[in-house]
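The values are calculated or read from the model by the stated rules, or taken from the named source; none is laboratory data. What you see is a predicted model; the values in this text were computed from it and never measured. Quick reminder, even Gly has a Cβ in these numbers, built from the backbone with ideal geometry, and neighbours come from all protein chains shown. Only protein heavy atoms, including side chains, enter the accessible area calculation; ligands, DNA and RNA are left aside. Shrake-Rupley method; radii C 1.70, N 1.55, O 1.52, S 1.80 Å.
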Amino acid sequence: MLEQIAFTTKSIREKTSNFIPSVGIILGTGLGGLVKEISVEFTIPYGEIPHFPVSTVSGHQGKLILGELGGKKVIAMQGRFHFYEGYTMEQIGFPVRIMKALGVKSLFVSNACGGMNPDFEVGEIMFINDHINLFPTNPLIGKNYDELGPRFPDMGATYNKQYIQLAKKIASEHNIKTSEGVYAGLTGPCFETPAEYRYLRRIGADVVGMSTVPEVIVARHSGMEVFGISIVTDLGVEGKVQTVTHEEVLHVAGIQEPKMSLIVKELIRQINP
Ligand code: HPA
């Protein structure tokens, strides 16, 4: 693992004239448009990065984008790896390890999700203030490399509170309605049954999705600050559960995407990673 991280990091440095990013971004559903805002300096397809997972879905090549956004040097993953696609937790966490090794101090993640909080509406933009790991595993299972982080990392302050406060301020300055809440991460690929949404609400989750938690665990293990933002694309509220399709998820995320991009870009401008 350590050798792989070192080898991949060296390879990326060679391809990017030693570009040192301070902010990492995982562009989930709904944040893809943020790429347009990045002054791109280097683009590397995942297939050209040693030890990087190779996408199994044709047409979804995925690439790393390095450049400037909000006055900061950023590295963005266009295309993320989901557990339901068959990647191992180690593979899903690997790009975060590489970001850290390249110099990243703060990680920004986005996703689309279902909302169980009865106050939420379709299109709601939610800042993640905590999560519940409902994957049947954890990316830190196995040998711990003390060079990468502690065996038993504390998760008490996983989502940076100061970032959330700044993001709220930015949103209100732009008249964007947002909320805060808990993200439950589980495997998918099925959307939830009504009983599962009810269960998720009862255990304290506001939204549910199929990503984010593994990457965030690795980021915290490696000492990064984390900011997470979700778009509620459908409701799993008791009595209001409707049929969910992937197309609908993409549609709603697409409508809200410019707002989400604006908040993230401004937040990156204002932080000091
Ligand atoms: N459940 C899980 N993941 C999702 C959902 C959902 O309802 N909507 C978008 N991603």
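Of note:
- Each of Met116, Met155 has its accessible area taken with a 1.4 Å probe; listed largest first, they run Met155, Met116.
- Accessible surface of Lys161 - all protein chains present, 1.4 Å probe, nearest 10 Å²: 150
- Where a label projected 7 Å from the Cα of Glu248 along Cα→Cβ would reach, residues of segment 27-50 with amide N under 18 Å: 30
- At R0 = 22 Å, FRET efficiency that the Cβ-Cβ distance of Leu262 and Ala157 yields, to 0.05: 0.25
- DSSP-defined beta bridges in segment 2-270 - what % are antiparallel, rounded to 5: 40
- Measuring between their Cα centroids, segment 129-198 and segment 105-128 lie 10 Å from each other.
- Averaged over its residues, segment 136-192 has an accessible area of 59 Å² per residue, based on protein heavy atoms and a 1.4 Å probe.
- FRET efficiency for Thr43 and Ala195, using Cβ-Cβ distance with R0 set to 30 Å, rounded to 0.05: 0.10
- Surrounding net charge for Arg198, when Lys and Arg each add one and Asp and Glu each subtract one, Cβ distance under 12 Å: 0
- As a length-normalised measure over Cα pairs under 8 Å and 6 or more apart, the relative contact order of the chain settles at 27 percent.
- For segment 2-270, the share of accessible area belonging to carbon and sulfur comes to 52 percent (1.4 Å probe, ligands and nucleic acids excluded).
- Cα gyration tensor shape of segment 130-273, rounded if a/c is under 1.5, else prolate or oblate by comparing a/b with b/c: oblate
- Only helices enter this figure: runs of n ≥ 4 DSSP H residues, each worth -39500 (n - 2.57), summed and divided by the residues of the chain, yield -10000 deg cm²/dmol at 222 nm to the nearest 500.
- Remark: accessible surface ordering of Lys265, Lys240, Lys36 (largest first) is Lys36, Lys240, Lys265, probe radius 1.4 Å.
- Simple Cβ-charge dipole of the chain, Lys/Arg +1 and Asp/Glu -1, about Cα centre, in debye nearest 20: 640
- Length available on full extension from Val54 to Gln4: 0.36 nm per residue minus the Cα-Cα distance, which gives 16.5 nm.
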